[in-house]
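The values are calculated or read from the model by the stated rules, or taken from the named source; none is laboratory data. In this text the structure is predicted, and so the values were computed from the model without any measurement. Ideal geometry is used to build each Cβ from the backbone, glycine not excepted, and the neighbour counts take in all protein chains shown. Calculation scope for accessible area: heavy atoms of the full protein, side chains included, ligands and nucleic acids excluded. Shrake-Rupley method; radii C 1.70, N 1.55, O 1.52, S 1.80 Å.
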Amino acid sequence: MTDSFTVSSSGAERRRARIRAGLGRRHLFERIFRGLGVLAILIALALVGSLFWMVISKGYPAFTQANLETEVYFDPDIIKVDPPPQQQPGQSAADFRAQRLAWQRQVTMSNWNRVVEQAVRAAVPPGLEITAREATALVDAGERHRLRDIFVENPGLLGERLPFTMLASADVDNWLKGTIDRDLPDERQQLSPATRALADQLLESGAIQFKFAWHIFTNVDSRSAPASAGLAGGLVGSLYMMLVVVLLAVPIGVASAIYLEEFAPKNRLTDLIEVNINNLAAVPSIVFGLFGAAVFIKYIGLPLSAPIVGGLVLTLMTLPTIIIATRSSLRAVPPSLRQAALGLGASRTQMVFHHVLPVTLPGILTATIIGVAQALGETAPLLLIGMNAFVAAVPGTPFDQSTALPAQIYLWQGNENRNFFEARTSAAIMVLLTLMITMNAIAVLLRQRLERLK
Amino acid sequence: MTSLFRSSLQGVAAPPTALEAGDGYQTVRTPDPKAKPTRLSAHDVCVFYGDKQALENVSIDIPERSVSALIGPSGCGKSTFLRCLNRMNDTIEGARVTGEITLDGENLYSPQVDVVELRARIGMVFQKPNPFPKSIFENVAYGPKIHGLARSKSELEEIVVTSLKRAGLFEEVKDRLHAPGTGLSGGQQQRLCIARAIAVGPEVILMDEPCSALDPIATSIIEELIDELRENYTIIIVTHSMQQAARVSQKTAFFHLGKLIEEGPTERIFTNPRDKKTQDYITGRIG
């Protein structure tokens, strides 16, 4: 026995002194470690904060767009068309349709650019000289088709004047929002000096107003009419893919997790399966894309650029996430619950479905939603199965050609038009992020609700 | 078929260790002339967890409608033996059981025995109260439901109420049968687990240290309950508390290092043990 361990009062005194001598260092260590932890969190928060700040500050202008309030005159001198055909008694439906198509062709052949130009001129303050080309550059190229469609719907408008709100062209929109450098010389500007001056004047007079751009959600992508380009195609394409993922990955993933965890014997084969599921989770997503292109498109012959293929590829990617998360939440169930069920004479299946699954449901749901949200943002595999093609249509079924939200972001940010690579890209990112945050929030809420119910 | 199954298992099991049956230990047995007839009995039961032998040639007869206590220091194999009786060891990876356990002459480990049916006949109460995270009613009703014991809703309700009454819990919970079972106190939860086991109508109830997680008051309530239940059920209880064994049981078996050292009438074991190890344990010299 050494002296320091004796119970004498001097020994106790010395022990306390020795402990006290080390205390300062110990507390300092703790303070340093805490400080480092706080610093790490602050850095992470700053990075996330600057990400959101950049995306939102760049993206939110895209949600409002310049609109020109003016008056459209369906001038009979420009729109030289016959009255629309009426179905004659005894005329076959096919004949009538042919006649009507001929009339529509006539309508389309009219010079709608002139109608647009006149509408712009109606808003031009007196005294400003402007050419036809400069006038039409003010509004989006899609507006002449919109006017034509309105006329086809209602031919009675011929010779009428109609107050009308036109979408300003992307260049005007960008000019007015200030995303184009106003000090650039004329030869480097997209718009002529007259159009720029006109746009400024119209904004000042109130004829041009910024309005919320609902069409971002309802229009499909467009390159000829960039101001009216929207996300509808990508939204629906992504929706179809999520549907495929939820319908395939969730049942397959949950079923395999339950089998592996609750029923499968523990042997070399199941070890091998387990290792490979973990491997699958680590496979780079672009490899899944190659696999999809080789198997689903080349071998099975599914259509290119179709959400069904995207969904299948994303299912493969999501499966390991769901399997691993479901297995870990099954493993977290206390053995006492299983014993209670088995001890009463429940079969293994009854034990799983009556007791284990209800307890793990919140965990499985959260895993599923987070897995699906991950799949929603996945881009690389989509590029390899042709979902980055320019598709200006909303897919009717998962087998139709389509684009997807992340692929749309990729397409837009690579576009040379400022309208796309600045605001539209950020806006699309905002939509995607909002969807993902919403899904994650639902996961958290669902989990809390279900756990309170227990 | 049964004998073939047994012999083949024993062929595999013959362990080349020092614990080999051949080194021959003899359980000290004191017959009880007042004991009720035997329905459940074990012959030469050995249990292995992987290569490790946890139980060695245990043979014992359990009299019906009485309480038998299994005592012994930690790790002596008493819980292992209890779990053999309703084949809960089957659920443990790598566990292997040899020997024969018979209920009414039928070997529980014969391949013809359906383990689901067996566990309906031999119920179990665990060390820690483990009610399902469901309502009190559903906890008790679950067993009868899965075994199809109730033909109507009213019959099911009757079973639940009767079981709760027998477990002495009904008066305390009659106004909140649909409240979650996990909201009860520890002692109430354990009585709920007893009610849950009774509801299936078992012939034998196994209790694995049912009071070790309870306070003294809850313990005495459970002990009284066990004393009442032996009118109708064969009860086997594993306990760490020698006082508890002395209070509730009629027969006691002392386990030590995987061996059944001594068994006999409880008052005999506690007043006049014949084996030295038993004496050391009950006087507190080992444990």
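Data overview
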| quantity | calculated |
| --- | --- |
| Any hit, the stretch B:157-174, residues being within 11 Å of another protein chain (Cβ to nearest Cβ) and either of a type in the set (S, T, N, Q) or touching a Pro at 6+ places or on another chain (Cβ under 9 Å) (or both) | no |
| Answer residue from the stretch A:200-220, given it is crowded, with 18+ Cβ neighbours inside 10 Å and among the small types (Gly, Ala, Ser) and is nearest to A:Leu435 (Cα to Cα) among those | A:Ala213 |
| Residue pairs meeting the criteria (Cβ under 7 Å; at least 6 apart or on separate chains; first more than 20 Å from B:Gly105 (Cα to Cα) and part of a strand (DSSP E or B), in the stretch B:25-50; second open to solvent by less than 40 Å² (accessible area, probe 1.4 Å) and among the hydroxyl-bearing types (Ser, Thr, Tyr)) | B:Val47/B:Thr80 |
| For A:Ala340: the one exception among (1) in contact with a Pro (Cβ under 7 Å, 6 or more places away or on another chain); (2) within 14 Å of chain B (Cβ to nearest Cβ); (3) crowded, with 23+ Cβ neighbours inside 10 Å | (1) |
| Among (1) over 21 Å from A:Thr403 (Cβ atoms); (2) in a loop (DSSP other than H, G, I, E, B) - the single one A:Val220 does not satisfy | (1) |
| Those residues of the stretch B:84-114 which are closer than 12 Å to B:Leu55 by Cβ and part of a strand (DSSP E or B), in sequence order | B:Ala95, B:Arg96, B:Val97, B:Thr98, B:Gly99, B:Ile101 |
| Any hit, the stretch A:221-240, residues being free of Cβ contacts under 8 Å to residues at least 24 places away in the same chain, open to solvent by less than 10 Å² (accessible area, probe 1.4 Å), more than 14 Å from chain B (Cβ to nearest Cβ) and touching an Asp or Glu at 6+ places or on another chain (Cβ under 9 Å) | yes |
| Exclusive hit being within 52 Å of the chain's Cα centre (by Cα), open to solvent by 100 Å² or more (accessible area, probe 1.4 Å) and farther than 30 Å from A:Glu204 by Cα, set A:Phe33, A:Phe96 | A:Phe33 |
| Which listed residue, of B:Gly94, B:Gly75, is open to solvent by 10 Å² or more (accessible area, probe 1.4 Å) and within 14 Å of chain A (Cβ to nearest Cβ) | B:Gly94 |
| Odd one out for A:Gln339 among (1) part of a helix (DSSP H, G or I); (2) under 19 Å from the mean Cα position of the chain (by Cα) | (2) |
| In the stretch A:380-399, the residues that are surrounded by fewer than 19 Cβ atoms within 10 Å (Cβ to Cβ) and not aliphatic (A, V, I, L, M) | A:Phe390, A:Gly396, A:Thr397, A:Phe399 |
| Out of A:Val283, A:Val245, A:Val295, sole residue that is β-branched (Val, Ile, Thr), within 22 Å of A:Thr379 (Cα to Cα) and surrounded by fewer than 14 Cβ atoms within 10 Å (Cβ to Cβ) | A:Val283 |
| So A:Thr425, is it surrounded by 21 or more Cβ atoms within 10 Å (Cβ to Cβ) and not assigned by TED's automatic domain parsing to the domain that holds A:Trp175 | yes |
| Search result, residues across the stretch A:154-199 that are acidic (Asp, Glu), surrounded by fewer than 16 Cβ atoms within 10 Å (Cβ to Cβ) and within 23 Å of A:Val72 (Cβ to Cβ) | A:Glu160 |
| Of residues in the stretch A:303-336 being assigned to a helix (DSSP H, G or I) and within 14 Å of chain B (Cβ to nearest Cβ), the one nearest to B:Phe126 (Cα to Cα) | A:Ser336 |
